[in-house]
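One structure is given below, represented as structure tokens, and several questions about it will come after.
The values are calculated or read from the model by the stated rules, or taken from the named source; none is laboratory data. Please read all numbers here as calculations on a predicted model, not as lab measurements. Cβ placement follows ideal geometry from the backbone for every residue including glycine, while neighbour counts extend to all protein chains displayed.
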Amino acid sequence: MDLLIGDVLRNAARAVPDRVAAAFHDEQLTFGQIDARSNQLARVLTDLGIRRGDRVVVRSGTDLVLVPLFGAVAKIGAVFAPLNPALSDDEAAAVIDQAQPALVISQSSSSGTIPLEEISIRSSSKSDDLVAADVAESDPHVIFFTSGSTGRSKGVVLSHRANVLRAHPGALLEPHGAAVCPYPLFHMGGWTIALQQWAARDAVVFSQPDAAQICEAVEQHRAARLNCIPAVWRRILDHIASPAGSKRDLSSLRFADTGTSATPVELLDAIQTALPAAWLRVFYGSTETGSVASLEHPDIARKQGSVGPPAPFVEVRIAVDGELWVRSPLLFDGYFNDPAATAAALVDGWFRTGDLADVDGDGYLSIVGRAGDVIRTGGEGVSPAEVELVLAEHPAVADVAVVGIPDVTWGEVVCAVVVPNGDEPSLDGLRAHCTGRLAPFKHPRRLAIVEEIPRTSPTNQVQRRLLVEMLS
């Protein structure tokens, strides 16, 4: 039997059709509704000429319509390609050109796209019978576009099989009950949490990464699980320490999860203190790998700084240069239309993570740095080269390099290292210059003024590690 995303939804709908599967603000959908609406939307897509293997780009923030649309694309064998709506028009156009889509759906009306609302309206008159389609588990199901070190986005291709396996609880028993998910639906994390819940016949409650909204969702749905990046956990802790937030009842939480960036020990201690009944877990992985390792509650004090042992069916090895390599059934299939990047990242079935790691005598992994240039800030990847190109256009910048520097809230933050052209530029001025050219998460949060950028000779490459050491 093939492992198909459409079957995850269909099987849940057969088992518990009237159970709530997804909620956002005051809206909610049952498993039966998601399955039926995804069939209706599948008919709209086929009417528009979408066929097996076609890319469907969706540029939208969190919207409950995306849930049945996600299922519809899967059921006809097409490929779901979500885009971050915070990207500038030029950034989005570059990614869309790279994706070569058969259809672009957007939350707002714009040239060359179909509004999400229109797609939803068209589906209401369609039959909710299943559309006959030939789909295999090895077919690509989704492409997530991530920042590459050269500035060009890389499209991470995931098959139906990999996505279904990533949703499987494996050896870890999840609690029955809702999960609150503040991850956006243009990220793998949001869909992985949703699929994990649906495979267990439980609900996912989507939320903006706003502390008050998250706490309200936990209380309203008596959620059993909450997964946030470290920066959002800090907002939650600040909120529940405030007069308004202290009134929220979060006692239903049995799992408090985090990951995607370095998680300081003091933050983990603070989460445990605030939520003593919750089992704390730290996950490590990437869009390309899925979950690689997790540090469980009993080990957090004993193995400080670790991300835990490898997950079931995950093999790891440390290369000569200290880089972590990973092999598992959860791996991506390669980078879309980029054989060179794929060949560089996948070596004999092993994925080169770009992370530097250690393994202790008990087999626990610790991430000690980055071998690559990509900056990981608050769960997002930022290409230094892309930011440098924009900053170099500022009249007060004679030369510039961009690096990631450690930060307790964001994991890393973007730092612009500038050789001034006369008067020194201000951080606010540089950020204003980036507005409209780069998504906000790519804007520099720190500024360092130097007399010279250290570069290699004769290639003139920025010596980023040396810069980070200088700034430290």
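Would you point out the residue of region 308-334, among those that are touching a Gly at 6+ places or on another chain (Cβ under 6 Å) and at pLDDT 95 or above, that is farthest from E288 (Cα to Cα)? Spell out the reasoning first.
Kept after step one, since they are touching a Gly at 6+ places or on another chain (Cβ under 6 Å), are these residues of region 308-334: 309, 312, 327, 330.
Subsequent filtering for residues that are at pLDDT 95 or above retains 309, 327, 330.
Numbers: P309: 19, R327: 11, L330: 8 Å.
That would be P309.
Another question, then. Mind checking which pairs have a first residue in region 419-441 that is among the charged types (D, E, K, R) and a second that is surrounded by 13 or more Cβ atoms within 10 Å (Cβ to Cβ), Cβ under 6 Å, 6 or more apart or different chains?
D423/A396; R431/H443; R437/S88; R437/V390
Restricting attention to region 198-236, report how many residues are of a type in the set (S, T, N, Q) and free of Cβ contacts under 8 Å to residues at least 60 places away in the same chain.
Of the residues in region 198-236, 3 are of a type in the set (S, T, N, Q) and free of Cβ contacts under 8 Å to residues at least 60 places away in the same chain.
Within region 71-104, track down each residue that is under 16 Å from the mean Cα position of the chain (by Cα) and within 19 Å of D139 (Cβ to Cβ). If you could, list the steps in order and put the result at the bottom.
Within region 71-104, the first condition is being under 16 Å from the mean Cα position of the chain (by Cα), and the residues that meet it are 80-87.
Listed by number, the residues that qualify are F80, A81, P82.
Based on what the data block shows, is D202 part of a loop (DSSP other than H, G, I, E, B) and crowded, with 17+ Cβ neighbours inside 10 Å? Explain how you work it out, then say what you get.
On the way: part of a loop (DSSP other than H, G, I, E, B): yes; crowded, with 17+ Cβ neighbours inside 10 Å: yes.
Yes.
Every residue, every condition in (1) in the same structural domain as V204 (by TED's automatic domain parsing); (2) on the phi < 0 side of the Ramachandran plot; (3) of a type outside the set (S, T, N, Q); (4) crowded, with 19+ Cβ neighbours inside 10 Å, yes or no:
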position	(1), (2), (3), (4)
G77	yes, no, yes, yes
L83	yes, yes, yes, yes
I96	yes, yes, yes, yes
Q100	yes, no, no, no
V104	yes, yes, yes, yes
S111	yes, yes, no, no
I121	yes, yes, yes, no
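While we're here: I'd like to verify a number: residues in region 85-116 that are touching a residue at least 24 places away in the same chain (Cβ under 8 Å) and acidic (D, E), how many?
The qualifying residues number 2.
Which residue pairs have Cβ atoms under 9 Å apart, sit 6 or more places apart or on different chains, and have a first residue in region 126-140 that is more than 21 Å from Q33 (Cβ to Cβ) and a second that is polar (S, T, N, Q)?
Here the result reads A136/S159; E137/S159; S138/S159; D139/S159; P140/S159, each pair linking region 126-140 to a residue that is polar (S, T, N, Q).
Given the criteria acidic (D, E), in a loop (DSSP other than H, G, I, E, B) and in contact (Cβ under 8 Å) with a residue 40 or more places away in the chain, does D362 qualify? Spell out the reasoning first.
Working: acidic (D, E): yes; in a loop (DSSP other than H, G, I, E, B): yes; in contact (Cβ under 8 Å) with a residue 40 or more places away in the chain: yes.
For D362, the condition - acidic (D, E), in a loop (DSSP other than H, G, I, E, B) and in contact (Cβ under 8 Å) with a residue 40 or more places away in the chain - is met.
Okay, moving on. Quick test for you: out of R376, R352, pick the one residue that is under 30 Å from R431 (Cα atoms) and assigned to a strand (DSSP E or B).
R376
May I pose another question? Which is touching a Phe, Trp or Tyr at 6+ places or on another chain (Cβ under 6 Å) and in contact (Cβ under 8 Å) with a residue 60 or more places away in the chain, of T377, T353, T342?
T377
Would you be able to tell me the number of residues in region 8-31 that are without any contact (Cβ under 8 Å) to a residue 40 or more places away in the chain and either touching a His at 6+ places or on another chain (Cβ under 6 Å) or more than 18 Å from D63 (Cα to Cα) (or both)?
Of the residues in that region, 5 qualify.
All but one of (1) crowded, with 16+ Cβ neighbours inside 10 Å; (2) touching a helix residue (DSSP H, G or I) at 6+ places or on another chain (Cβ under 8 Å); (3) at pLDDT below 90; (4) over 23 Å from E91 (Cβ atoms) hold for A357; which doesn't?
(2)
Turning to a different aspect of this structure: Quick check on this structure: which one of D18, D35, D7 is within 19 Å of A200 (Cα to Cα), of a type outside the set (A, V, I, L, M, F, W, C) and either modelled with pLDDT under 95 or in a loop (DSSP other than H, G, I, E, B) (or both)?
D18
It is to be established whether one or more residues within region 84-93 are under 24 Å from A133 (Cβ atoms) and either at pLDDT below 95 or of a type outside the set (S, T, Y) (or both).
Checked region 84-93: no residue is under 24 Å from A133 (Cβ atoms) and either at pLDDT below 95 or of a type outside the set (S, T, Y) (or both).
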